[in-house]
Amino acid sequence: MPRSATGRHTVRQASLALTRLVALLVVVTAFGSGFAFADGDLAKGVKIFERECALCHTIGKGEPNRFGSNLFGITQRKAATAPGYKYSQQFTAMATWIWTPDRVASFVVAPAATIPGNKMSVFQGVADSDLDDLIAYLAAQK
Ligand code: HEC
């Protein structure tokens, strides 16, 4: 086989390999983004919840509200809908969304800045280093 033919063959193979790699990366990126907190450690998450949140929130199904609302199923339910809990006007006016893991994460790192005047504003926010484990734990309580 002449040299030039071999060279073309190699280039074709290389570009095919590159196409496959790009396709794989697209799939990995799309898949990965939906599972941003899937790597969180649940055992660490429950400890963070107890330390940072349990003073004001329960999370078991049917448990009572405290100073804050019960958080069962929080990463997939509509905001401000815990039965029997009286939310502040500031909160109900702004929090009209359905919670997702990402939305809960951005709220709990900075509650006062996300919804000014809401009743959780006294809480200074979760450290970035605790976020993955905490959100993975919250998402598992449903
Ligand atoms: C000092 C008490 C306090 C602490 C600590 C606290 N929260 Fe809250 N949280 C509240 C209150 C009060 C509200 C209701 C806000 C309002 O109505 O203005 C709330 C609301 C929420 C909501 C919205 C609930 C809903 O039903 O839509 C989420 C989510 C939440 N808190 C998560 C957390 C997490 C996670 C932690 C721990 C990292 C935490 N909170 C720590 C008091 C607290």
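Just so it is clear, none of the values below were taken in a lab; they were calculated from the coordinates. Given the structure is predicted, the values throughout are model-derived calculations rather than measurements. Glycine gets a Cβ as well: all are built from the backbone with ideal geometry, and neighbour counts include every protein chain shown.
Fewest neighbouring Cβ atoms within 10 Å first, the residues T96, T58, T81 line up as T96, T81, T58.
Here r is the Cβ-Cβ distance between A43 and Q76 and R0 is 22 Å; the resulting FRET efficiency, rounded to 0.05, is 0.50.
The order of F123, F107, going from fewest to most other C-beta atoms within 10 Å of their C-beta, is F123, F107. Couplings for segment 117-124, taken from phi via the Karplus curve 6.51 cos²θ - 1.76 cosθ + 1.60 with θ = phi - 60°, read x, 6, 5, 8, 4, 5, 7, 6 Hz in order; Gly and Pro are left as x.
Of all aspartates and glutamates in the structure, the ones whose alpha carbon falls short of 18 Å from that of K61, not counting any fewer than 8 places away in one chain, are E50.
Across all directions, the average projected area of the convex hull around the alpha carbons of segment 42-140 is 5.5 nm².
What does the charge count around W97 come to, taking other residues whose C-beta lies under 13 Å from its C-beta (Lys +1, Arg +1, Asp -1, Glu -1)?
Overall, the nearby charge balance is +2.
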